[in-house]
Amino acid sequence: MIHINIGSNLNSKHGTKFENISIAIKLLNSSNFKIKRISSFYETPSYPNKSLPRYINIGLLGVSKNYSTLLKQISLIEKKIGRLRSKKNDPRVCDIDIIDFNGITQNSSLLTLPHPRSHKRNFVLYPIKEIDPSWVHPILKKNVDFLINQLDQNSRIEITRLSKSVIINT
C-alpha cells in the first residue's frame with residue numbers, strides 16, 4: 001500500500017487549509033491513485049519556525065501502479081491548488097508527499113522512498129497509526145507505535161487530532 005501525506009498552512013483562492021486538502025484528495029482520487037483510507041485532520045505548529053501559521057495535515061492510504069506517474073500528478077495537483085515553490089519550510093497552500101510506496105526504497109534527485117524524515121514527523125506518524133496501525137517503516141523495520149514512542153515529548157503533545165474529517169466517494 002501507498003502512504004501519502006497532505007499538508008496546508010495557508011488559505012488559497014480555493015478557500016481554507018481544509019478546503020485545499022479536500023481538493024487535493026479529490027484530484028488524487030480522480031487520478032491513478034485510488035484511496036482506500038483517509039485519516040482525520042491533524043493540526044501542528046509549523047516546523048521549524050513555530051511563529052508561522054499552524055499546519056493542517058492528513059494521511060491517505062491507497063494504491064497506484066507507478067510512483068513516477070504519481071509524483072508527476074502530485075506536482076500538477078500542487079500547482080493547480082496554487083503552490084509556489086519558494087524557500088524550504090516556507091508556508092504553503094498545499095504540500096503532498098509520498099511517504100511510502102509499497103515498501104520500495106529509492107533515492108534519486110526526484111524522489112527518496114520512504115520519505116527520509118517520515119519517522120521523525122508527528123504529522124506523518126499519527127495519521128499512519130490511525131489508518132494503518134500495523135505499518136512498518138521499510139528501512140528501519142520498526143512499527144509505527146515504536147516510531148511514535150521515539151518522538152520527543154513536545155512532538156507527542158503538540159499534535160491535535162481534529163474532529164473534522166474528509167469524506168469522499170471512492
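Quick notes on this one:
- Residues that are in contact with a Ser or Thr (Cβ under 8 Å, 6 or more places away or on another chain), surrounded by 14 or more Cβ atoms within 10 Å (Cβ to Cβ) and among the small types (Gly, Ala, Ser) occur at least once in the range 65-87.
- Test: Arg54 is at pLDDT below 95 and not hydroxyl-bearing (Ser, Thr, Tyr): no
- Residue in the range 147-154 that is surrounded by 13 or more Cβ atoms within 10 Å (Cβ to Cβ) and within 20 Å of Lys34 (Cα to Cα) present: no
- Here Pro116 fulfils each of the conditions (1) out of contact with any strand residue (DSSP E or B) (no Cβ under 8 Å at 6 or more places or on another chain); (2) free of Cβ contacts under 8 Å to residues at least 24 places away in the same chain; (3) crowded, with 18+ Cβ neighbours inside 10 Å apart from (3).
- For the residues Ile104, Ile98, the requirement of being under 25 Å from Asn20 (Cα atoms) and β-branched (Val, Ile, Thr) singles out Ile98.
- Restricting attention to the range 72-104, the residues that are at pLDDT 95 or above and on the phi > 0 side of the Ramachandran plot add up to 2.
- Any hit, the range 123-133, residues being basic (Lys, Arg) and loosely packed, with under 13 Cβ neighbours inside 10 Å: no
- Subset of the range 122-139 (residues that are under 12 Å from Gly59 (Cβ atoms), out of contact with any helix residue (DSSP H, G or I) (no Cβ under 6 Å at 6 or more places or on another chain) and either among the hydrophobic types (A, V, I, L, M, F, W, C) or modelled with pLDDT under 95 (or both)): Phe123, Ile131
- When Thr69 is tested against (1) in a helix (DSSP H, G or I); (2) modelled with pLDDT of 95 or more, only condition (2) is not met.
The values are calculated or read from the model by the stated rules, or taken from the named source; none is laboratory data. Remember, it's a predicted structure, so these values are computed and weren't measured experimentally. Cβ coordinates were reconstructed from backbone atoms using ideal geometry, including for glycine residues, and neighbour counts include every protein chain displayed.
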